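Notes to accompany the following structure.
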Amino acid sequence: MPPSSIANTPQPAPIQAQVRGACPHDCPDTCALITTVENGVATRVQGNPEHPHTDGVLCAKVSKYTERSYHPERILTPLKRTGPKGSGQFAPVGWDEALADIAQRLQSIAARAPEAILPYSYAGTMGLVQGESMDRRFFHRLGASQLDRTICASAGAEALVQTLGGKLGMKVEFFAESRLILIWGSNSIGSNLHFWRYAQQAKRNGARLVCIDPRKTETADKCHEHIQLRPGTDAALALALMHELIQNDWLDPDYITQYTLGWEQLRERALQWPPERAAEICGVPVEQIRQLAKDYGTTQPAAIRLNYGMQRVRGGGNAVRAVACLPALTGAWRHRAGGMLLSSSGQFPVQRGVLQRPDLMPERTPRTLNMVQIGDDLLRDTAPGFGPRVEALVVYNSNPVAVAPESGKVVRGFAREDLFTVVLEHFRTDTADYADYILPATTQLEHRDVHLAYGHTDVLLNRPAIAPVGQARSNAQIFRDLAARMGFTEPCFADSDEALCRQAFGDAVDYALLETQGFATLALPDAPFSEGGFPTPSGKCEFFSARLAAQGLDGLPDHLPNHELQGTDARYPLAMISPPARNFLNSTFVNVQSLRAIEGRPVLEMHPDDAAARGIADGAVVRVFNDRGSYQCHATVSRRARPGVVNGLGVWWRKLGLDGTNVNEVTSQALTDLGRAPTFYDCLVEVEACAVPA
Ligand SMILES: Nc1nc2c(c(=O)[nH]1)N[C@H]1C(S)=C(S)[C@@H](COP(=O)(O)OP(=O)(O)OC[C@H]3O[C@@H](n4cnc5c(=O)[nH]c(N)nc54)[C@H](O)[C@@H]3O)O[C@H]1N2
Ligand SMILES: Nc1nc2c(c(=O)[nH]1)N[C@H]1C(S)=C(S)[C@@H](COP(=O)(O)OP(=O)(O)OC[C@H]3O[C@@H](n4cnc5c(=O)[nH]c(N)nc54)[C@H](O)[C@@H]3O)O[C@H]1N2
Ligand code: SF4
Ligand SMILES: [Mo]
């Protein structure tokens, strides 16, 4: 389509229009969308060809966006529970009745113990308005418990903060110019498609691509080399690389002297990690480690794309810290196509204080509960050190019954008859089934929002393309409505979605440009650390972190073995990881028929040797279990799995699985070394063939 035909049409749209938007999903790419609207109906969602990173291309999931938005199972009205908890029996009610009842219930709890109320949200939409504005104001004013939003990225984030000084790194577009790219803990084709397109450009120009992943992913298939290490052993590999860089003098001494802190200590630590030691721990050939070190030490510019796959184990924070030291050792940061990228989100000048208004909180700051441990916390009684029992839960932008670890406990918690639960949703998810009230929320096609990204450095504006479907209201609208019912009279509770969009970046981003172009690129240097300038306390890349040492932690990165270390429990000999399925986004899209048809059914990938040892044939129904629980799925006997490691691709809706459960029945609530994050991929199990197919 000719770019000139893209109108900046205010809603409601005329007969035919093309409306600029942004993909709301928890994906590094934050694509720019163009929605075609005909007679008020969205007929097509495409990538904006004018946005350089999107380049007119969307993933399969969001290309199907109209199917999701107009899904026959969309929730169209508020619903009130009519049967036992979890039975999924609801009756439609009016907004007035629902809001009045919810406000009255929350008010009566807040009068006694406001901390007994807990918000639970994550990144169902990453929009700053629908994800972290009016909702936060509401709960701050209420004095509710605060939620530690750790379920995804906080171990890696903390590691970046302690090493580089923040969530920042290379500009993604310059990966196209790299000569060597390590794709480390990332199935980029599935989860970071637009980075992968830059990596392909580099490959065409002669770059070498190395994938470091326990699973032989579709990304590994397309790289020159695959290092198929054991889960949770990345720090050992990174330390052995350092050992080789030191032994072979593949270092940049000037860069190290001028721009790093703690070199002598790190050197001593790394010299304890000869490749033979790491090879043993990682379960990879020693020659592969030596070759990787040589490639990394002798190729410039060399770039590392980490993703979050490597930090979902006990030592995940240390692993990210170890990897983040590498580009400073070789001076890779001197080049704009060298260095590393895990997340770019720390570079956006978001005015969170203005959006979220923490100043509305009561004088005594309410407690904080970790979203990873919602299973335990819902089952906890009032106790010293914990505070009041959780009596009310307001869930939005998240599906914890499916995605939180140790779901047996999560389900028991949500099933408490004395728990008052409100869920803002598009669909009857596993979580919505346990609600007392379900409130219909708008989708990205129906509301306004503004977005940062964690895989590039552009701000995007999302305009509503169509009127809300049914009686849906935006999250911000719902919290405005609740605030009014609760008698919150502060003027900030009257801010419209449009006003919130403008407040998100204030003067730091040209809002007029967002309106006309749909996106605005942050003005940032091409090579962020070519001359140091790390935003750490020392201004240097901190190999040694005095801040970690002050907390009684190791100041240097180290390899920390998994909580559930293979070989330590004879009953559960297999290590399980549960990475994302390509056609779902966490648990979103599982109910979109065309995408579920591609994924087929919940599967567990097993190496042929592990399957044979258990008499399991390809396609057989298996039971995956440990002391926490069990779930059933179909075995896929495949060399995508490493021997001894099984891959339970996630995250299915429980009710669309084989036996009403999913992979999180067996994952644990244990936390990482840094960042209080989950350890989904630090999980031992056993697998057996099911006698009777489900
Ligand atoms: N299609 C799709 N895209 C997604 C998502 C999705 O569910 N589906 N999820 C989105 C979200 S929420 C996030 S946080 C991002 C990033 O999500 P990530 O969790 O980073 O997901 P992946 O890019 O699939 O990469 C994880 C890779 O790490 C591997 N891995 C597992 N354990 C280890 C380990 O110990 N070491 C190493 N080196 N690798 C390991 C897995 O096999 C997998 O291939 O992706 C986002 N994009
Ligand atoms: N075993 C295992 N478990 C995992 C992971 C794994 O790799 N393995 N990955 C983890 C990771 S990285 C993450 S980030 C979490 C993700 O967990 P969640 O953040 O819970 O993500 P989703 O499962 O995508 O659920 C998001 C929900 O938000 C809803 N939603 C979307 N937009 C809106 C909106 O505008 N308003 C409202 N009210 N609702 C909306 C969607 O319909 C969807 O049901 O899961 C984690 N769980
Ligand atoms: S999920 Fe990711 S790749 Fe797909 S459209 Fe959204 S931002 Fe782009
Ligand atoms: Mo995530």
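The values are calculated or read from the model by the stated rules, or taken from the named source; none is laboratory data. This is a predicted model, so every value here is computed, not measured. Using ideal geometry, Cβ is built from the backbone for each residue, glycine included, and neighbour counts are taken over all protein chains shown. Heavy atoms of the whole protein, side chains included, go into the accessibility calculation; ligands, DNA and RNA do not. Shrake-Rupley method; radii C 1.70, N 1.55, O 1.52, S 1.80 Å.
Remarks
- Centre separation in Å (Cα based) which lies between segment 149-166 and segment 538-586: 12
- Rounded tilt (10° steps) of 475-485 against the dominant C-alpha axis of the chain: 50
- Surface composition of segment 1-157: carbon and sulfur make up 53 percent of the accessible area, probe 1.4 Å.
- Here segment 473-554 exposes an accessible surface that is 53 percent carbon and sulfur, computed with a 1.4 Å probe and the other protein chains kept in place.
- Heavy-atom accessible surface of His53, to the nearest 10 Å², is about 20 Å², with a 1.4 Å probe and all protein chains retained.
- Mean shadow area of segment 264-370 over all directions, Cα convex hull, nm²: 10.7
- Three-way shape call for segment 469-627 based on the alpha-carbon gyration tensor, with the a/c threshold at 1.5: oblate
- Segment 278-322 and segment 229-244 have their alpha-carbon centroids 5 Å apart.
- Surrounding net charge for Asp569, when Lys and Arg each add one and Asp and Glu each subtract one, Cβ distance under 10 Å: -2
- Alpha-carbon gyration tensor eigenvalues x 5, square-rooted, for segment 352-449, Å: 23, 22, 12
- Where labels lie 7 Å past Cα in the beta-carbon direction, separation of Thr516 and Asn248 in nm: 5.2
- Mean-position separation - Cα centroids, segment 500-536 and segment 380-416, in angstrom: 37
- Each residue was assigned an accessible area with a 1.4 Å probe, and for Arg141 the value is about 80 Å².
- In segment 526-660, Cα pairs under 8 Å separated by at least six residues give a relative contact order of 25 percent.
- Dividing the alpha-carbon radius of gyration of the chain by the rule-of-thumb value 2.2 N^0.38 Å gives 0.94.
- Accessible area expressed per residue, the chain, with surrounding protein chains retained (probe 1.4 Å, Å²): 34
- Looking at segment 393-525, the DSSP beta bridges with both ends there are about 40 percent antiparallel.
- Set Lys64/Lys655; Lys64/Lys167; Lys64/Lys85 screened for pairs whose C-alpha atoms are more than 27 Å apart: Lys64/Lys167; Lys64/Lys85
- Solvent-free Debye scattering, log10 I(q)/I(0), computed from the Cα coordinates of segment 435-514 at q = 0.12, 0.15, 0.23 Å⁻¹: -0.43, -0.66, -1.15
- FRET E, pair Glu97, Val41, Förster distance 41 Å, beta-carbon r, rounded to 0.05: 0.85
- For the chain, Cys27, Cys59, Cys152, Cys282, Cys325, Cys492, Cys501, Cys541, Cys633, Cys683, Cys690 stand unpaired, since no other cysteine beta carbon lies under 4.7 Å from theirs.
- Accessible heavy-atom area order of Lys85, Lys64, highest first, probe of 1.4 Å: Lys64, Lys85
- Mean sequence separation of contacting Cα pairs (under 8 Å, at least six apart), scaled by the length of segment 115-167, corresponds to a relative contact order of 38 percent.
- Phi-based couplings in Hz for segment 150-160 (Karplus 6.51, -1.76, 1.60; Gly and Pro marked x): 10, 5, 10, 10, 6, 5, x, 5, 5, 4, 5
- Share of carbon and sulfur in the accessible heavy-atom surface of segment 574-689 [1.4 Å probe, %]: 48
- Of the GluC sites (Glu not before Pro) in segment 20-80, the ones in a loop by DSSP (not H, G, I, E or B) with at most 13 other beta carbons within 10 Å are Glu73.
- Counting only DSSP beta bridges with both residues in the chain, the antiparallel share comes to about 50 percent.
- Listed residues Phe543, Phe680 arranged by accessible area, highest first, probe 1.4 Å: Phe680, Phe543
- Scaled against the 2.2 N^0.38 Å expected of a compact globular protein of N residues, the Cα radius of gyration of segment 159-342 reads 0.93.
- Taking every DSSP helix (H) stretch of at least 4 residues in the chain, weighting each as -39,500 (n - 2.57) and dividing the sum by the residue count yields a mean residue ellipticity at 222 nm of -8000 deg cm²/dmol.
- Compared with the alpha-carbon gap, the fully stretched path from Gln593 to Leu553 is longer by 9.6 nm at 0.36 nm per residue.
- In summary, the convex hull built on the alpha carbon positions of segment 574-689 has an orientation-averaged projected area of 7.1 nm².
- Amide N proximity, segment 58-82 versus Asp221 label position 7 Å along Cα-to-Cβ, cut-off under 19 Å: 59-61
- Equivalent-ellipsoid semi-axes of segment 27-157, from the Cα gyration tensor, Å, largest first: 34, 23, 14
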